[in-house]
Amino acid sequence: MSITPLMPVYPRCGFRPVRGEGAWLISEDGSRALDFAAGIAVNLLGHGHPHLTKAIQDQAATLMHVSNLYGSPQGEAFAQRLVDTTFADTVFFTNSGAEAVECSIKTARAYHQSQGSDRYEIITFKNAFHGRTMATISASNQEKMHKGFLPLLEGFKYVDFDDLEGAKAAIGPKTAAFLVEPIQGEGGVRPASDAFMKGLRALADEHGLMLILDEVQCGVARSGTLYCYEQYGIEPDIMASAKGLGGGFPVGACLATEKAARGMVVGTHGSTYGGNPFAMAACQAVWDVVANEEFLAQVRSTGDKLRAALEQFIGNYPDLFIGVRGKGLMLGVMMTHEARAFVAHLRDNHGLLTVAAGDNTFRVLPPLNIDDSHITTFMEKLSAGAASYQMPAAA
Ligand SMILES: *Cc1c(COP(=O)(O)O)cnc(C)c1O
């Protein structure tokens, strides 16, 4: 037997965390790493946050799971909180980001099909990442995710990101929706322009299409507002949220307006675990901390400081770095070559965790509650890492 017990779909590395303390992770061998990956934008309160930990402990002892066969005071309470703080009128809870996008796709199709229209096609954008289910890989043009899994699900059309004219030209008689990340995450931390997001909203209104936002990565305070769409002065019809939503507890949500959700009636969709009391307790604890202007202002100012430090620093290494982009504490550093080797170097030789992304970029996604001392330590480790880095010969 040569296959590993963990299905070998990830290239696992030698850093094997067993404990977390705030913005730090401690490996099996006792080594410590500054966690500016935060589980890929998940652990937004860091590790072992007392309020989140206590909420989960208390709920585990009270009631973890029942089923969506019964009434859900916990689900109603958190859905109400999302409705009060976002564009949405109604929420379906999932266990992951991909499922939140799946539900968004189904909601958009059902919106049209429930009124006798045969519109089903969804326009998505090149280098998008929407998850790993069959529908969500079909929603992305990235061939590396398709290979070996054909045929794809029908009904997706790919257009260049941030290309409004391209999006307009792609609209046809079967078009049902646009699906877009306001900031492409996996694709390289690329924020959509203001004109693009406003333009998609206008096109959707003009043609009777649903505007679906995938805020799985950029949502939940990460971009400096509770959800990123707020910064574009528009509202979606449907939105997928996950990653930071439970602060580390696996939970996602599909949010929709009343109009957009008109096809989602009894019996049309479901999930065994979705929105169980355990998940809702984690979400409530996260919301207690992040859903207020003081916390969000802190994220913006911390993001500004981190970005300024990064921008100043990368000037010292023009052969390695090109620039910084992103919003709030969702930042990407563009490199002159593929970023994966540099990310591994920072992790293995300097105790610093970041995340590689597409377009020669690495992601800087710290917990949202870091302070100035974490930024100082981060910049020290990054500087040491850049100074000791041997660029791959191929670059
Ligand atoms: C991570 C991610 C997903 C998928 O989330 P999973 O929880 O891994 O299923 C979908 N969309 C975006 C933008 C993401 O970053």
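The values are calculated or read from the model by the stated rules, or taken from the named source; none is laboratory data. Just so it is clear, the structure is predicted and the values come from calculations on it, not from any experiment. Methodologically, a virtual Cβ is constructed for each residue, glycine included, from the backbone with ideal geometry; neighbour enumeration extends over all protein chains shown.
Would it be correct to say that Ala195 is away from the ligand (no atom under 12 Å from the Cβ), aliphatic (A, V, I, L, M) and touching a Lys or Arg at 6+ places or on another chain (Cβ under 6 Å)? Don't jump to the end; show me each part of the working.
Details: away from the ligand (no atom under 12 Å from the Cβ): yes; aliphatic (A, V, I, L, M): yes; touching a Lys or Arg at 6+ places or on another chain (Cβ under 6 Å): no.
Answer is no for this residue.
If you go through region 93-108 one residue at a time, do you hit one that is surrounded by fewer than 16 Cβ atoms within 10 Å (Cβ to Cβ) and within 11 Å of the ligand (Cβ to nearest atom)?
No, region 93-108 contains no residue that is surrounded by fewer than 16 Cβ atoms within 10 Å (Cβ to Cβ) and within 11 Å of the ligand (Cβ to nearest atom).
Would you check which residues across region 316-336 are within 15 Å of Ala386 (Cβ to Cβ) and either modelled with pLDDT under 95 or under 21 Å from the mean Cα position of the chain (by Cα) (or both) and list them?
Val324, Val333, Met334
So which pairs qualify, if the first residue must be in region 267-282 and in contact (Cβ under 8 Å) with a residue 12 or more places away in the chain and of a type in the set (Val, Ile, Thr), the second must be surrounded by fewer than 16 Cβ atoms within 10 Å (Cβ to Cβ) and part of a helix (DSSP H, G or I), the Cβ gap must be under 6 Å, and the two must be at least 6 apart or on different chains?
Filtered contacts from region 267-282: no entries.
What are the residue pairs meeting all of these: first residue in region 344-372, first residue on the phi < 0 side of the Ramachandran plot and of a type in the set (Ser, Thr, Tyr), second residue part of a loop (DSSP other than H, G, I, E, B) and at pLDDT 95 or above, Cβ atoms under 9 Å, and 6 or more apart or on different chains?
Thr354/Phe36; Thr354/Ala37; Thr354/Ala339; Thr354/Leu365; Thr361/Gly187; Thr361/Gly188; Thr361/Val189; Thr361/Ala339
Mind listing whichever residues of region 308-331 are buried (at least 19 other Cβ atoms within 10 Å of the Cβ) and assigned to a helix (DSSP H, G or I)?
Across region 308-331, the qualifying residues are Leu310, Ile314.
Considering Glu294, Glu258, which residue is surrounded by fewer than 22 Cβ atoms within 10 Å (Cβ to Cβ), in contact (Cβ under 8 Å) with a residue 12 or more places away in the chain and among the acidic types (Asp, Glu)?
Among Glu294, Glu258, only Glu258 is surrounded by fewer than 22 Cβ atoms within 10 Å (Cβ to Cβ), in contact (Cβ under 8 Å) with a residue 12 or more places away in the chain and among the acidic types (Asp, Glu).
Go through the residues of region 232-243 one by one and say whether even a single one is over 12 Å from the mean Cα position of the chain (by Cα) and part of a strand (DSSP E or B).
Taking every residue of region 232-243 in turn, at least one turns out to be over 12 Å from the mean Cα position of the chain (by Cα) and part of a strand (DSSP E or B).
Kindly indicate whether Leu153 is within 16 Å of the ligand (Cβ to nearest atom), among the aliphatic types (A, V, I, L, M) and surrounded by fewer than 23 Cβ atoms within 10 Å (Cβ to Cβ).
For Leu153, the condition - within 16 Å of the ligand (Cβ to nearest atom), among the aliphatic types (A, V, I, L, M) and surrounded by fewer than 23 Cβ atoms within 10 Å (Cβ to Cβ) - is met.
Does Phe178 fit the bill of being surrounded by fewer than 21 Cβ atoms within 10 Å (Cβ to Cβ) and within 16 Å of the ligand (Cβ to nearest atom)?
The answer is no for Phe178.
Report every pair of residues separated by at least 6 positions or lying on different chains whose Cβ atoms are under 6 Å apart, first residue within region 87-100 and over 14 Å from Met264 (Cα atoms), second assigned to a helix (DSSP H, G or I) and among the small types (Gly, Ala, Ser).
Thr94/Ala100
Can you tell me which residue among Gly131, Gly224 is crowded, with 22+ Cβ neighbours inside 10 Å, within 16 Å of the ligand (Cβ to nearest atom) and in a loop (DSSP other than H, G, I, E, B)?
So the residue among Gly131, Gly224 that is crowded, with 22+ Cβ neighbours inside 10 Å, within 16 Å of the ligand (Cβ to nearest atom) and in a loop (DSSP other than H, G, I, E, B) is Gly131.
Would you please list the contacts, defined by Cβ atoms under 8 Å and residues six or more apart or on different chains, that run from a residue in region 9-24 that is on the phi > 0 side of the Ramachandran plot to a residue that is assigned to a strand (DSSP E or B)?
Gly22/His47
Among the residues of region 88-98 satisfying the criterion of being over 14 Å from Asn68 (Cβ atoms) and not in a loop (DSSP other than H, G, I, E, B), which is nearest to the chain's Cα centre (by Cα)? Quick ask: steps written out before the conclusion?
As a first pass, look at region 88-98 and keep what is over 14 Å from Asn68 (Cβ atoms): 88-90, 96-98.
Right, trim to not in a loop (DSSP other than H, G, I, E, B) and you get 90, 97-98.
Numbers: Thr90: 20, Gly97: 8, Ala98: 10 Å.
Ranking the candidates gives Gly97 first.
Any residue in region 64-80 that is in contact with a Cys (Cβ under 8 Å, 6 or more places away or on another chain) and either more than 27 Å from Glu186 (Cβ to Cβ) or touching a residue at least 24 places away in the same chain (Cβ under 8 Å) (or both)?
Within region 64-80, one or more residues are in contact with a Cys (Cβ under 8 Å, 6 or more places away or on another chain) and either more than 27 Å from Glu186 (Cβ to Cβ) or touching a residue at least 24 places away in the same chain (Cβ under 8 Å) (or both).
May I ask you to list the residues in region 122-154 that are over 18 Å from the mean Cα position of the chain (by Cα) and either outside the structural domain of Lys174 (by TED's automatic domain parsing) or of a type in the set (A, V, I, L, M, F, W, C) (or both)?
Of everything in region 122-154, those that are over 18 Å from the mean Cα position of the chain (by Cα) and either outside the structural domain of Lys174 (by TED's automatic domain parsing) or of a type in the set (A, V, I, L, M, F, W, C) (or both) turn out to be Ile122, Ile123, Met134, Phe149, Leu150, Leu152, Leu153.
Go through (1) more than 20 Å from the chain's Cα centre (by Cα); (2) polar (S, T, N, Q); (3) in a helix (DSSP H, G or I) and name the single condition Thr302 misses.
So Thr302 meets the others, but not (1).
If I filter region 62-81 for residues that are closer than 30 Å to Lys174 by Cβ and acidic (Asp, Glu), do I get at least one hit?
Our first condition is that a residue be closer than 30 Å to Lys174 by Cβ; within region 62-81, this holds for none.
The answer is no; no qualifying residue exists.
Residues being more than 16 Å from the ligand (Cβ to nearest atom) and in a loop (DSSP other than H, G, I, E, B): count how many of those fall in region 198-221.
Matching residues across region 198-221 total 2.
Of all residues in region 332-352, which are under 30 Å from Asp288 (Cα atoms) and surrounded by fewer than 24 Cβ atoms within 10 Å (Cβ to Cβ)?
Taking region 332-352 and keeping what is under 30 Å from Asp288 (Cα atoms), we get 332, 352.
The answer is Leu352, and nothing else.
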